[in-house]
Amino acid sequence: PLGAQIELSWQDTVVTFPLIVLSVPSNMATTSDGSEVLTNVTVQVDVYTLGKKATVDLAAAIDEIMTPAGFTRMTAQPLTEGELERCMMQYSCTVDFTHENILI
């Protein structure tokens with residue numbers, strides 16, 4: 001629905017722009033009596049476009065999806081990489097022991 005190619009982590013593949021790259025730089029468990037009870041997950045969303053406005057607009061659209069889903073944005077950093085504009089955003093959430101429910 002965002003009109004962008006989406007990839008899981010950076011892969012050696014042919015890409016088109018706009019491009020969204022998803023990764024999970026952190027997945028930290030909280031345990032009790034030897035069992036995992038909560039997991040704090042950080043999802044990194046990298047947006048790549050060929051223009052600053054397109055990057056800002058796409059980053060805002062991603063934020064409108066992630067925030068209502070229970071994720072908290074921890075950082076959003078705009079970058080210029082050669083001819084590409086990039087916005088690196090990191091979102092955090094806590095999921096319960098079933099790994100199916102985000103705790104809000």
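The values are calculated or read from the model by the stated rules, or taken from the named source; none is laboratory data. Bear in mind that the values here come from a model prediction, so they are computed numbers and not experimental data. FYI the Cβ positions are ideal-geometry reconstructions off the backbone, even for glycines, and counts take in every protein chain you see. What goes into the accessible areas is simple: the full protein's heavy atoms, side chains included, and nothing from ligands, DNA or RNA. Shrake-Rupley method; radii C 1.70, N 1.55, O 1.52, S 1.80 Å.
What residue among Thr39, Thr80, Thr94 shows peak mean-square fluctuation when the chain is described by a Gaussian network model with Cα springs under 10 Å?
Comparing Thr39, Thr80, Thr94 in the GNM, the peak value goes to Thr80.
Would you compute, from DSSP H runs of 4+ residues alone, the mean residue ellipticity of the chain at 222 nm, taking -39500 (n - 2.57) per run and dividing by the full residue count, rounded to the nearest 500?
Details: 1 runs with 15 residues, N = 104.
My calculation for the chain gives -4500 deg cm²/dmol from helical runs alone.
Quick check for me: using +1 on Lys/Arg Cβ and -1 on Asp/Glu Cβ, what's the dipole size of the chain about its Cα centre, in debye to the nearest 20? List each step's numbers first, then the result.
Working: 4 positive and 13 negative charges, 61 e Å.
Dipole magnitude for the chain comes out near 300 debye.
Within the P(r) computed for the chain, what percentage of the Cα pairs occupies the region above 20 Å? Can you show the working numbers first?
Numbers: 2306 of 5356 pairs.
Above the 20 Å cut-off, the chain has 43 percent of its Cα pairs.
If you line up the long axis of helix 52-66 against the longest principal axis of the chain, both from Cα atoms, how many degrees apart are they, to the nearest 10?
Taking Cα atoms only, the helix is inclined about 20 degrees.
What do you get when you divide the Cα radius of gyration of the range 1-44 by 2.2 N^0.38 Å, with N the number of residues?
Working: Rg = 15.7 Å, N = 44, 2.2 N^0.38 = 9.3 Å.
Ratio of Rg to 2.2 N^0.38 Å for the range 1-44: 1.69.
Within the chain, what is the longest stretch that has no GluC sites (Glu not before Pro) placed in a DSSP loop and near at most 11 other beta-carbon atoms within 10 Å?
On the way: sites that count: Glu83, Glu100.
Within the chain, the longest run free of exposed GluC sites (Glu not before Pro) spans 1-82.
Tell me, what % of the accessible area of the range 4-104 is carbon and sulfur with a 1.4 angstrom probe?
Ligands and nucleic acids excluded, carbon and sulfur give 56 percent.
Of Val45, Leu103, Thr31, which is farthest on the positive side of the dipole of the chain, counting Cα position, with +1 on Lys and Arg Cβ, -1 on Asp and Glu Cβ, and the Cα centre as origin?
My answer, from the dipole projection, is Val45.
How do 13-25, 46-58 rank on mean C-beta neighbours within 10 Å, highest first? Walk me through the numbers on the way to the answer.
Values: 13-25: 13.0, 46-58: 17.5.
For the peptides 13-25, 46-58, the packing ranking is 46-58, 13-25.
In Å², and per residue, what accessible area does the chain have when probed at 1.4 Å with the other protein chains present? The partial results should precede the final answer.
On the way: 6480 Å² over 104 residues.
Here the per-residue accessible area is 62 Å².
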